[in-house]
Amino acid sequence: MERLIRTPEEMRALGAVLAAVCPPGALVRLEGDLGTGKTTLVRGFLAALGHEGPVRSPTYTLIESYETGARRVHHLDLYRLNDPEELEFLGIRDLLDGEAVCLVEWPERGTGVLPEATLAVHLRHAGPARRAHLRAGGAEGGACLEALAGRPLPGVPGDS
Ligand SMILES: Nc1ncnc2c1ncn2[C@@H]1O[C@H](COP(=O)(O)OP(=O)(O)OP(=O)(O)O)[C@@H](O)[C@H]1O
Ligand SMILES: [Mg+2]
C-alpha cells in the first residue's frame, strides 16, 4: 500500500491509524532516510493511544518506553547502534515478548538480531512531501494491512 503524505499532520495521522490496527506484540519497522518523518509518525501513534507528554527521539538512548492507557510501546532508534549484537544487551528479546508494541527506526542496523517485523513502513522524500509504502511481514501483518485498507487513510494514494 502506498500513500502520499503531504504534511507532518498527515504523518501523525498515519501513525494514529497504525496504532488503531496494530496488534499487541507487533514489531513495526520504520524505514527511511534522515528526516523522512519516522519520529513524527511515532508521535501520532503514541498520541492516538492517549500519551500526552513529550516524545523524544531516542537517537542516543536507543530506546524510550511509554506506558499509555491502552498499551506499552517501545520506541527504538538504532541509528547509532554500532553492532546488532548490542540489541541483545538492550534486552530486545524481553521487549518483544508479550503485549508491547515496538516501533523501530533504522531497523537495518539491527539486521541479524531484530526478528521479522509485523509491518514495515518505508518513507521517502517526495519534494516537500513524503511517500509512505506499507508492507506486511507474515499473516498477522497481512491482517493489519487489510484492516488499514478498510479505514479512511491520511494523504492521497501514492500513485497520484
Ligand atoms: N509528510 C511530511 N511532509 C512534510 N514534512 C514532514 C512530513 N513528515 C514529517 N515531516 C517533517 O520532517 C522533519 C523530520 O521529521 P522526523 O524527525 O520525524 O524524521 P525522522 O525520519 O525521524 O528522522 P531521523 O532519521 O533523523 O530520526 C520534521 O520537521 C517533520 O515535521
Ligand atoms: Mg527519528
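The values are calculated or read from the model by the stated rules, or taken from the named source; none is laboratory data. Worth saying up front: this structure is predicted, and the values here are computed from it rather than measured. Cβ: placed from backbone, ideal geometry, glycine included. Neighbour counts: every protein chain shown.
Within region 96-108, track down each residue that is in a helix (DSSP H, G or I) and away from ligand 2 (no atom under 16 Å from the Cβ). First the steps, then the outcome.
If we filter region 96-108 for residues that are in a helix (DSSP H, G or I), which is where we start, we get 96, 107-108.
Within region 96-108, LEU96 is the sole residue that qualifies.
Right, PHE45: under 15 Å from the mean Cα position of the chain (by Cα), away from ligand 1 (no atom under 11 Å from the Cβ) and at negative phi or not?
Details: under 15 Å from the mean Cα position of the chain (by Cα): yes; away from ligand 1 (no atom under 11 Å from the Cβ): yes; at negative phi: yes.
Yes.
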> Name the residues in region 112-145 that are at negative phi and either in a helix (DSSP H, G or I) or at pLDDT below 95 (or both), would you?
Replying inline: VAL113, LEU114, PRO115, GLU116, GLY137, ALA139, GLU140, GLY141, GLY142, ALA143, CYS144, LEU145
>> If I ask for residues that are within 8 Å of ligand 1 (Cβ to nearest atom) and out of contact with any strand residue (DSSP E or B) (no Cβ under 6 Å at 6 or more places or on another chain), which ones from region 118-128 would you list?
In response: PRO128
> Out of (1) in a helix (DSSP H, G or I); (2) more than 16 Å from ligand 2 (Cβ to nearest atom); (3) at pLDDT 95 or above; (4) basic (Lys, Arg), the odd one out for ARG93 is which?
Replying inline: (3)
>> Quick test for you: out of TYR60, TYR66, pick the one residue that is at pLDDT below 95 and either near ligand 1 (Cβ under 8 Å from one of its atoms) or over 25 Å from PRO152 (Cβ atoms) (or both).
In response: TYR60
> Looking only at region 31-70, which residues are assigned to a loop (DSSP other than H, G, I, E, B), small (Gly, Ala, Ser) and away from ligand 2 (no atom under 13 Å from the Cβ)?
Replying inline: GLY50, GLY53, GLY69, ALA70
> Of the conditions (1) outside any loop (DSSP other than H, G, I, E, B); (2) surrounded by 13 or more Cβ atoms within 10 Å (Cβ to Cβ); (3) touching a residue at least 24 places away in the same chain (Cβ under 8 Å); (4) of a type outside the set (S, T, N, Q), GLU88 fails just one. Which one is it?
Replying inline: (2)
>> Show the residue pairs meeting these rules: Cβ distance below 7 Å; 6+ apart or different chains; first residue within region 1-18 and within 19 Å of GLY137 (Cβ to Cβ); second residue more than 16 Å from ligand 2 (Cβ to nearest atom) and in a helix (DSSP H, G or I).
In response: MET1/LEU145; MET1/LEU148; MET1/ALA149; GLY15/ALA48; VAL17/LEU148
> So how many residues does region 37-61 have that are buried (at least 23 other Cβ atoms within 10 Å of the Cβ) and in contact with a strand residue (DSSP E or B) (Cβ under 7 Å, 6 or more places away or on another chain)?
Replying inline: 6
> within 16 Å of ligand 1 (Cβ to nearest atom) and surrounded by fewer than 12 Cβ atoms within 10 Å (Cβ to Cβ): does that describe TYR79?
Replying inline: no
